[in-house]
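As structure tokens, the structure follows; a few thoughts come after it.
Nothing in this text is a laboratory measurement; each read-out follows from the coordinates by a stated rule. Remember, it's a predicted structure, so these values are computed and weren't measured experimentally. So basically every Cβ, Gly included, is an ideal-geometry build from the backbone, and we count neighbours across all protein chains shown.
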Amino acid sequence: MGRWREWDYYPPSRPLPVKGGIKARSQRGKIGETWWSGRWLAFLESLDLGARLGRGRAYARAGQVMSLKVEKGLVSAKVQGSRPRPYSVTVRLVPLSESQWVKVISAMASQALFAAKLLAGEMPQNIEEAFQSARVSLFPTKRKDLESDCSCPDWANPCKHVAAVYYLLAEEFDRDPFLVFRLRGMEKDELVAALRERRSGEAGRSPAARGEHGEDVKEAEGEASPLEACLDRFWAMGPEMASFRVNVAAPAVPLAILKRLGPPPFWKGRGDLLEALGRAYGAASEEALRLAYGEGEHDGRQ
């Protein structure tokens, strides 16, 4: 039968039902839809919790978690078990230091697309490379990275109540990837402001305004011909344009400019101005592409 492990067994009990508990959106199959929630749950599954893992998943789907709060470096929750008083659950992840965040943000801002995705509220696939540059990790990788505690009588840690919180956290990360950064000690507004400041500072020192080795770019030698001398060929396409092709495709981050600018300070009206502008921009883009390419020839372009 194989070796029986004492910690795989704990007397089964039926939890008291909860009204208005936080239920996992996924009621069957795996929990978590994005790669980053998958990374979070992969760590949980690596802890070898035995049957507690399945019980925690069942608790999450049944709505036994009554409250869930994510702060810098701390997750606190109330989970209803078989006893009248809900159990208190805490999960702690050590926040990064200020110097570590400086290195991470510098690495994030060094790639335009990388920063654009973050500023648009999306998690880049290679986000962990930025953390590796500071010799840290965004997600926990070792058991000692996370410290969890539960007021239940089960001596095993993590217990099923902690596991339930882990699963709900995965779905919260799906909804808002910036919660992962909050756990590491950086709020979304702080991160976005730091990225914008870093990007604007680098723009002022853009290599486009300088040579390969930093020297000032010199203006092209020679004088331009007067307009009167080239009127007959002013609108003519030169040989350099013969092989020029334009490939219009959907941007990697839809409406990136609007998302990066954020809500305008002057807007006092009702409703979401960015959402309305997004619809207007989308309609204008569709009409422009229809005129440029014709009906049915602009699918997937923006």
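Subtracting the Cα-Cα distance of ARG14 and GLU71 from their residue separation scaled by 0.36 nm leaves 17.5 nm.
Between LEU138 and any residue 5 or more places off or on another chain, the built amide H atoms are never under 5 Å apart. Residue by residue, the range 78-94 carries 3J(HN,Hα) couplings of 10, 10, 7, x, 8, 9, x, 8, x, 8, 9, 10, 10, 10, 10, 10, 4 Hz when phi is fed to the Karplus relation 6.51 cos²θ - 1.76 cosθ + 1.60 (θ = phi - 60°); x denotes Gly or Pro.
Length available on full extension from TRP155 to ARG135: 0.36 nm per residue minus the Cα-Cα distance, which gives 3.8 nm. Arranged from fewest to most other beta-carbon atoms within 10 Å of their beta carbon, GLU33, GLU228, GLU197 become GLU228, GLU197, GLU33. Rounded if a/c is under 1.5, else prolate if a/b is larger than b/c, else oblate: which is the range 55-126, with a ≥ b ≥ c the root eigenvalues of its Cα gyration tensor? It is prolate, given that a/c is not under 1.5 and a/b is the larger ratio. With θ taken as phi - 60° and the Karplus curve 6.51 cos²θ - 1.76 cosθ + 1.60 applied, the whole-hertz 3J(HN,Hα) list for the range 99-109 is 5, 5, 5, 4, 5, 5, 5, 4, 5, 5, 6 Hz, x standing for glycine and proline. Here the simple spin-label model places points 7 Å from the Cα toward Cβ, and for GLU286 and ARG196 these points are separated by 3.0 nm. With a simple spin-label model that places each label point 7 Å from the Cα along the Cα-to-Cβ direction, the separation between SER82 and ALA236 comes to 9.2 nm. A cut-off of 5 Å between modelled amide H atoms, ignoring neighbours fewer than 5 places along the same chain, links SER151 with SER88.
Computed extension length for ARG270-LYS23: 85.7 nm, one decimal, from 0.36 nm per residue of separation with the Cα-Cα distance subtracted. Take the Cα of GLU228, step 7 Å toward its Cβ, do the same at GLU45, and the gap between the two points is 7.9 nm.
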